[in-house]
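What follows is a single structure, written as structure tokens, with notes after it.
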Amino acid sequence: MNGPFAAAPSAPADGAQGLAPLWIVGLGPGPADWMTAEAVAVLDEATDIVGYGPYVERIVLKDGQRAHGSDNRVEVDRARAALALALEGRRVAVVSGGDPGVFAMAAAVFEAIEHGDPAFRTLDVRVAPGVSAMQAAAARLGAPLGHDFCAISLSDNLKPWPVVARRLEAAAGADFVIALYNPASKARPDQIHDAFALLRRVKPAETVVVFARAVGRPDERIVVTTLAEADPALADMSTLVMIGSTETRLIDRADGERAWLYTPRHYGRER
Ligand code: SAH
């Protein structure tokens with residue numbers, strides 16, 4: 001067959017010869033028009049779609065397609081199951097919201113390959129990138145990521161909190177714009193408060209703070225405020241929190257619409 005699941009001409013001569021590639025696909029932040037054409041083509045031709053339940057549910061299945069949704073905490077098991085399906089000859093798409101390489105399934109698949117069945121290494125694994133939440137939020141706001149920035153996940157399921165705290169402090173000290181992923185969930189309501197307490201100790205009170213919730217979805221809500229006034233309780237698991245650098249600033253608009261937010265390309269120039 002042609003298309004994304006065609007075996008590469010250089011497919012390895014042993015083991016997986018003739019097997020279709022396994023695709024790891026980014027679905028983007030929500031709306032279909034923020035998905036790449038490559039991701040759409042892969043989903044169109046996959047026989048098996050594997051991922052965290054809510055992401056899999058976003059996909060309208062075609063006849064004959066099987067969905068394998070699962071819990072969010074079993075990423076590597078899910079990855080192993082996907083690799084096993086590909087070895088059975090299925091056309092497998094492992095899906096993530098946003099970009100699959102940003103706090104998502106691509107790393108879980110490679111972890112399963114590194115520590116798993118040696119046969120997994122014979123598969124042709126491909127990653128289809130997607131628009132990540134920080135890019136979608138930035139696009140709504142103006143150009144807040146126009147200069148150096150970093151992304152930090154606040155989830156301490158996968159790393160100890162002192163590591164999160166050390167990174168937040170270092171990022172604030174280096175004056176990066178900071179995109180905070182996984183700021184809060186029902187199981188972790190407090191960390192975003194701890195993070196703000198830490199940031200308030202080291203960053204100016206007037207630093208711009210954004211809560212960008214469900215960007216691109218019908219329940220989108222964007223709040224632009226300052227570090228002094230921000231209410232961390234606005235953040236939930238659908239929210240991307242952005243913390244400006246000392247250069248990040250607002251431009252008021254003539255029509256009274258929400259001000260544009262941007263970080264200039266030059267650092268330290270006179271305002
Ligand atoms: N791979 C995803 C991130 C997965 S981690 C990506 O590249 O975007 C999940 C976190 O991403 C959420 O807790 C939230 O912080 C952020 N996120 C995902 N989709 C979002 C959206 N539409 N709007 C705002 N934040 C979003």
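The values are calculated or read from the model by the stated rules, or taken from the named source; none is laboratory data. Note that this is a predicted model, so its numbers are computed, not measured. Here the Cβ is made from the backbone with ideal geometry for all residues, glycine too, and neighbour counts use every protein chain on show. The accessibility values were calculated without ligands, DNA or RNA, using every heavy atom of the protein model including side chains. Shrake-Rupley method; radii C 1.70, N 1.55, O 1.52, S 1.80 Å.
Only helices enter the 222 nm calculation for the chain: every DSSP H run of n ≥ 4 contributes -39,500 (n - 2.57), and dividing by all residues gives -8000 deg cm²/dmol, rounded to 500. Entry comment: accessible area of the chain is 50 Å² per residue, from protein heavy atoms only and a probe of 1.4 Å.
Quick one, what does Rg over Rh come out to for the stretch 189-250 if you take C-alpha atoms and the Kirkwood Rh? Taking Rg over the Kirkwood Rh, I get 0.97. Working note: Karplus 6.51/-1.76/1.60 with θ = phi - 60° gives the stretch 180-191 the couplings 9, 9, 6, x, 6, 8, 4, 7, 10, x, 8, 4 Hz, where Gly and Pro are set to x. Within the chain, the longest segment free of exposed loop sites, counting GluC sites (Glu not before Pro) that fall outside DSSP classes H, G, I, E and B and have at most 13 other Cβ atoms within 10 Å, spans 89-205. In loop segments of the stretch 111-198 as defined by DSSP, the trypsin sites (Lys or Arg not before Pro) with at most 12 further C-beta atoms inside 10 Å of their C-beta are Lys186.
Only Cα pairs under 8 Å and 6+ residues apart enter the sum, and on that basis the relative contact order of the stretch 134-262 stands at 29 percent.
Set against the 2.2 N^0.38 Å expectation for a compact globular protein, the stretch 22-131 has a Cα radius of gyration ratio of 0.95. Reducing the stretch 58-130 and the stretch 164-199 to their Cα centroids gives an inter-centroid distance of 29 Å. How many percent of the alpha carbon pairs in the stretch 99-221 exceed a separation of 23 Å? That tail contains 43 percent of the Cα-Cα pairs. In order along the stretch 205-211, phi translates into HN-Hα couplings of 4, 8, 3, 6, 10, 10, 10 Hz, rounded to whole numbers, per the Karplus curve 6.51 cos²θ - 1.76 cosθ + 1.60 with θ = phi - 60° and x for Gly and Pro.
Atom-type composition of the exposed protein surface of the stretch 124-271 places 51 percent of the accessible area on carbon and sulfur (1.4 angstrom probe).
Counting heavy atoms of the protein chains alone, Met1 has an accessible area of about 130 Å² for a 1.4 Å probe. Write down the Å³ per residue value for the convex hull defined by the alpha carbon atoms of the stretch 101-165. Taking the convex hull of the Cα positions in the stretch 101-165, it is 124 Å³ per residue.
Normalising the average separation of contacting C-alpha pairs (under 8 angstrom, six or more residues apart) by the number of residues puts the relative contact order of the chain at 18 percent.
Note on the chain: along the principal axes its Cα atoms extend 61, 42, 35 Å, ordered by decreasing extent.
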